[in-house]
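Everything below concerns the one structure shown next.
The values are calculated or read from the model by the stated rules, or taken from the named source; none is laboratory data. Small disclaimer: the values here were computed from a predicted structure and weren't measured. Every residue, glycine as well, gets a Cβ built from its backbone with ideal geometry; the counts of neighbours run over all protein chains shown. In case anyone asks, the SASA skips ligands and DNA or RNA and just uses the protein heavy atoms, side chains included. Shrake-Rupley method; radii C 1.70, N 1.55, O 1.52, S 1.80 Å.
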Amino acid sequence: MTDSDAVVSVRALSKTYGSFTALDGVSFDIHRGETFALLGPNGAGKSTAIEILEGYRDRSGGEVSVLGLDPHRGGIAWKARLGIVLQNTGESGNVTVHEQLAHFAGYYANPRSVDEVIASVGLEEKSKTLIRKLSGGQRRRVDVALGIIGRPELLFLDEPTTGFDPEARRSFWDLITKLKSEGTTILLTTHYLDEAAHLSDRAGIIAAGKLIDIGRIDEIGGADSRIPIVRWRDAAGLQERRTSEPGAVVAALMKSGIEPDGLEIVRPSLEDVYLDLVASHEARQGNESVLENAK
Amino acid sequence: MSATTVMTTPPLPAGRTLRLGLSRVAYEVRTYFRQGDSVFFTFLFPLVFLTIFSVAFSNVNFGKDAAGHVVTAADYYLPAMLAAGLLLSGLQNMSIDIAGERSDGTLKRLGGSPLPVFSYFIGKIGQVLVTGLLQAALLILVAATAFGVRLPSDPSRWLTFAWVFLLGVTTCAVLGIALSALPRTGKSATAVIIPITLILQFISGVYLQFNVLPIWLQNFASLFPLKWLAQGMRSVFLPDGFAVLENGHEWNLTGVLIATAIWLVVGLVLCRVTFRWIRKDS
């Protein structure tokens with residue numbers, strides 16, 4: 001049962017290292033032109049999953065299709081349609097930014113303009129600088145530039161903005177928005193939930209190797225998790241009420257005629273929803289292992 | 001979907017393996033000379049040793065040629081250092097370089113790009129060819145101008161030099177690619193590779209005169225290519241009378257050709273079987 005519009009299709013993907021289970025029955029699709037975020041704590045299996053899709057790692061079980069091929073069998077022509085930004089890079093960097101991009105551009109049939117790509121990651125002034133002399137955040141931008149130089153149909157971004165200053169992050173967001181408008185399909189992992197919320201159409205949340213939720217950014221965690229919270233302070237201390245009618249709660253408070261201290265109405269962000277999901281998953285896992293031990 | 005256009009990637013043009021290979025050669029040579037330590041330890045090392053030996057043994061008489069000219073230390077060590085240069089630029093530098101590229105993520109990036117693995121090999125072998133040629137030219141130039149080494153005038157000797165050099169440089173580069181699979185990490189690469197090349201140089205007539213080594217050691221060294229490359233180089237630069245000092249009392253260029261060619265084939269097979277962009281699942 002695969003979706004013909006799916007650029008990436010993953011069914012019951014599993015990966016084990018000896019007795020350790022890194023991925024356990026993960027399934028999702030990424031549609032053409034969509035930006036999909038894979039979120040989860042460190043060590044949850046995000047990078048393992050993305051590296052299986054990129055063809056770097058073998059899977060232990062399940063089905064995977066990327067651009068219509070099993071990554072295991074992906075050849076040169078398949079790789080020419082991908083853009084990969086890995087999580088870690090530490091090359092010696094004895095080439096300038098421009099030399100590196102011009103060289104990699106030669107690998108592709110229809111590359112983007114080198115100067116345009118350098119400008120789009122904001123490195124015009126570093127164009128003639130050796131890569132090893134760049135700062136960590138600047139090197140990361142070179143990684144992103146190398147990922148998009150070949151005009152990929154599918155772009156993998158594994159924690160692309162680590163080490164970016166806020167300004168660089170904003171211009172990176174603009175770049176991704178532009179790539180999306182050109183029809184690029186993107187798989188993103190990030191620890192910045194605001195980034196995921198801003199950029200992606202859908203997200204999947206992985207915890208301890210399992211996909212615990214998947215859906216549109218505004219649907220993750222279910223409708224209940226988005227119920228606003230009304231907070232205020234009174235003589236008894238901090239009060240908090242989750243309600244779908246925050247206006248009514250505030251109106252009731254105002255009946256006393258006294259302006260409540262520190263009143264606010266908060267709509268949970270993706271980050272709040274995510275933290276709740278991961279925490280409740282971990283709590284459930286904890287309960288299960290207690291039950292297991294009790295048997 | 002929000003996609004406004006459907007992206008398609010045009011097919012890759014034919015002949016790109018060779019074109020990209022040549023583009024890799026330029027890239028590799030450029031980065032090689034920007035790496036200070038490899039320039040010193042592989043590119044200039046034989047020159048440093050030629051200078052040391054020529055000065056240290058300046059009073060030693062290595063024999064005479066047919067016309068009665070004395071063979072000096074510089075005369076004697078030039079062919080040895082040319083052979084050492086092949087081993088250092090090819091095998092030693094290449095294996096350490098690739099092991100480093102495997103550890104630091106260079107190969108992982110290339111493995112995820114549409115660069116054919118053969119283009120990568122062409123780039124590496126081409127780099128060794130270019131740097132090896134410059135190294136040999138520099139050695140010969142310094143030997144002739146600074147140490148008064150008389151260069152052969154017979155074109156057939158230069159023809160021998162050409163094929164021994166080309167075969168040697170290719171074999172050493174290919175063996176270097178194959179040996180790069182041996183070190184587990186880039187950091188351990190020098191510790192794993194240098195003892196191999198150092199021992200080879202000592203037993204193959206690079207630092208020590210080959211004919212003074214015990215016969216069993218000469219025979220053992222004959223299993224490896226460096227002994228043959230040094231012998232081939234000696235046949236080019238030393239007087240014909242020196243052939244009697246060789247194991248077998250002749251230059252035995254056929255032996256040089258066969259032994260080196262066997263190692264070339266062994267190296268190619270090892271590359272094909274063992275080369276991986278990354279260590280999977282590590």
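Any idea what diffusion coefficient chain B gets from Stokes-Einstein, in µm²/s, Kirkwood Rh on alpha carbon pairs, 37 °C, 0.692 mPa s?
163
Using protein chains only and a probe of 1.4 angstrom, how many square angstrom of residue B:33 are accessible, to the nearest 10?
Accessible area, nearest 10 Å²: 80 Å².
Can you list the residues of region A:74-96 whose accessible area drops by at least 20 Å² going from the chain on its own to the full set of protein chains, with a 1.4 Å probe?
A:76, A:79, A:80, A:84, A:86, A:90, A:91, A:92, A:94, A:95
Tell me, what ³J(HN,Hα) does each residue in region A:32-37 have, in order and in whole Hz, if you take phi through Karplus 6.51 cos²θ - 1.76 cosθ + 1.60 with θ = phi - 60° and put x for Gly and Pro?
4, x, 8, 10, 10, 9
Which of B:89, B:54, B:113 ends up with the largest GNM mean-square fluctuation for chain B, with Cα atoms connected below 10 Å?
Of B:89, B:54, B:113, the Gaussian network model singles out B:113 as fluctuating most.
Give, ordered by residue number, each residue of region A:175-202 whose 1.4 Å probe accessible area is reduced by a minimum of 20 Å² on adding the remaining protein chains to the chain alone.
Buried-area filter returns A:181, A:182, A:183.
How charged is the neighbourhood of residue A:129? Take every other residue with its Cβ under 14 Å from the Cβ of residue A:129, and add Lys/Arg as +1 and Asp/Glu as -1.
+4
Which residue, A:46, A:210, A:128, has the most motion in a Gaussian network model of chain A that connects Cα atoms within less than 10 Å?
So, out of A:46, A:210, A:128, the one fluctuating most is A:128.
Compute the distance in nm between two label points, each set 7 Å from the Cα along the Cα-to-Cβ direction, one at residue B:157 and one at residue A:279.
Going from the residue B:157 label point to the residue A:279 one covers 8.5 nm.
Per residue, how much accessible surface does the protein assembly as shown expose to a 1.4 Å probe? Answer in Å², no decimals.
45
Given an 8 Å cut-off on Cα distances and at least 6 residues of separation, report the relative contact order of chain A as a percent.
20
Would you mind telling me the share, in percent, of accessible area of chain A contributed by carbon and sulfur at probe 1.4 angstrom?
Carbon and sulfur together cover 49 percent of it.
Rounded to whole Å, give me the distance from the Cα center of region B:45-114 to that of region A:37-112.
39
Give me the distance between the Cα centres of region B:139-196 and region B:214-235, rounded to whole Å.
14
Using a 1.4 angstrom probe on the protein heavy atoms only, line up B:108, A:15 by accessible area, largest first.
If we order B:108, A:15 from most to least accessible, we get B:108, A:15.
Just to confirm my numbers, what's the Cα centroid distance between region A:188-209 and region A:123-169 in Å?
With region A:188-209 and region A:123-169 each reduced to a Cα centre, they are spaced 20 Å.
In the protein assembly as shown, with Lys and Arg counted as +1 and Asp and Glu as -1 at Cβ, which of these residues, A:286, A:146, B:269, has the Cα nearest the positive end of the dipole, that is, farthest along it?
My answer, from the dipole projection, is B:269.
Can you count the Lys pairs in region A:6-216 with C-alpha separation below 23 Å, eight or more apart or on different chains?
Step by step, the pairs that qualify in region A:6-216 add up to 9.
Give me P(r) over the protein assembly as shown, computed from all C-alpha to C-alpha distances, binned every 10 Å, as integer percentages.
Using 10 Å bins, I get a P(r) of 3, 15, 21, 18, 14, 11, 8, 5, 3, 2, 1, 0, 0 for the protein assembly as shown.
What list of ³J(HN,Hα) couplings, whole Hz, do you get for region B:156-164 from phi and the Karplus terms 6.51, -1.76, 1.60, once you set θ to phi - 60° and write x for glycine and proline?
5, 5, 5, 5, 4, 4, 4, 6, 5
Write down the percent of antiparallel bridges among all DSSP beta bridges whose residues are both part of region A:6-216, to the nearest 5.
Of all bridge pairs located within region A:6-216, approximately 55 percent are antiparallel.
Each residue of region B:233-238 in order: what ³J(HN,Hα) in whole Hz does its phi give by Karplus 6.51 cos²θ - 1.76 cosθ + 1.60, θ = phi - 60°, with x for Gly and Pro?
Listing the rounded values in order: 5, 4, 4, 7, 9, 9 Hz.
Can you give me the % of accessible surface on region B:17-156 that is carbon or sulfur? Probe 1.4 Å, all protein chains present, nothing else counted.
68
Compute for chains A and B the buried accessible surface, both sides summed, probe 1.4 Å, and express it in Å² to the nearest 100.
Protein heavy atoms only, the A-B interface buries about 3600 Å².
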